[in-house]
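K.L.:
One structure, as structure tokens, below. Some questions next.
The values are calculated or read from the model by the stated rules, or taken from the named source; none is laboratory data. Treat the numbers as computed from the prediction; the structure is a model and nothing was measured. Don't worry about glycine lacking a Cβ; one is built from the backbone with ideal geometry, like all the others, and counts go over all protein chains shown. The protein model used for the area step is the full one, side chains on, heavy atoms only, and it has no ligands, DNA or RNA in it. Shrake-Rupley method; radii C 1.70, N 1.55, O 1.52, S 1.80 Å.
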Amino acid sequence: METGEHHHMGTNRILTILGVALLCFAQEGTSDAQTKKKATGGAGMSEAARGVQLAQQGAHEEAIAAFTKAIEANPKDARFYNDRGGVYLTIRRFKEAAEDFTKSIELAPKDPNGYS
């Protein structure tokens, strides 16, 4: 049970961090979230699309590799961090997920995707 208890404690910590982030976001508002969205296309989009497809097929490690290539091609695109964070979350790699979601929020603080 000790391992399970540790897992729940880590999950609760991440949920608390995400809750606090959501509260901060709610206070800032979303008035210009739409204006900060990047245009479709650009560096890394094909790798990101490949990553989405791989994640949907359950090929999580391959999806992470594809999103990592997308990030390397365009390290300022918050969507790629958010997508890779989602895969990390799916496979319960909470530390990496939190790091990617944090980076996504840093790059696009008004975009609700990084918080959800």
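K.L.:
Across region 80-108, what is the number of residues that are open to solvent by 50 Å² or more (accessible area, probe 1.4 Å) and either modelled with pLDDT under 95 or among the acidic types (Asp, Glu) (or both)?
P.N.:
4
K.L.:
So Ala49 ticks every box in (1) at pLDDT below 50; (2) surrounded by fewer than 15 Cβ atoms within 10 Å (Cβ to Cβ); (3) among the hydrophobic types (A, V, I, L, M, F, W, C) but one. Which box is left unticked?
P.N.:
(1)
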